[in-house]
Amino acid sequence: MQTDDSGPAAARILLADDDTDIRDLVEFKLTQAGYDVQAVADGLSAWAAFQQDPPRLVVLDVMMPGLSGIDVLRRIRESDSATVPVLLLSAKSRDSDVDTGFEVGADDYVIKPFSPRELVHRVASMLARAR
């Protein structure tokens, strides 16, 4: 893992999505953009990985088995690394679902289906703001 903090390659991103196709696509696009991506398949794995070594940014699917993305987000916001930016990915597009994501502490919310290019731009923008 690169530890130089000067570019996108230094930014480690934790990605959690139980949909293999979406997880693989997002991991590929973010890796292609130069990020170091740790991809996991569920909320419990995401929370364990976050606790072990908090990343620079987290991308969470909202609906996952075990712990939902919202549950993981709540735990992140209550942790010692509460300021890590979190982007929620969700097929839930009702205003109330989006509002809940932001109320719990999401920094951004992307509705599925989404443009992988737009997702990469949002991640870059969130990391730039977090510096």
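What follows draws every value from the coordinates through simple rules; no lab data is involved. Source: prediction; values computed, not measured. As a convention, Cβ positions derive from the backbone with ideal geometry for all residues, glycine included, and neighbour counts pool all protein chains shown.
Figures for the structure shown
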{"read-out": "Subset of the stretch 58-95 [in contact (Cβ under 8 Å) with a residue 40 or more places away in the chain and buried (at least 23 other Cβ atoms within 10 Å of the Cβ)]", "value": "Val58, Val59, Leu60, Asp61, Met64, Gly69, Val72, Leu89"}
{"read-out": "In the stretch 92-131, the residues that are in a loop (DSSP other than H, G, I, E, B) and within 15 Å of the chain's Cα centre (by Cα)", "value": "Gly105, Ala106, Asp107, Lys112, Phe114"}
{"read-out": "Any chance Leu60 is closer than 15 Å to Phe114 by Cβ and in a strand (DSSP E or B)", "value": "yes"}
{"read-out": "Positions within the stretch 14-36 being surrounded by fewer than 20 Cβ atoms within 10 Å (Cβ to Cβ) and in contact with a Lys or Arg (Cβ under 9 Å, 6 or more places away or on another chain), in sequence order", "value": "Asp19, Ile22, Lys29, Asp36"}
{"read-out": "Counted residues, the stretch 4-57 - those being farther than 16 Å from Ala130 by Cβ, part of a helix (DSSP H, G or I) and not hydrophobic (A, V, I, L, M, F, W, C)", "value": "12"}
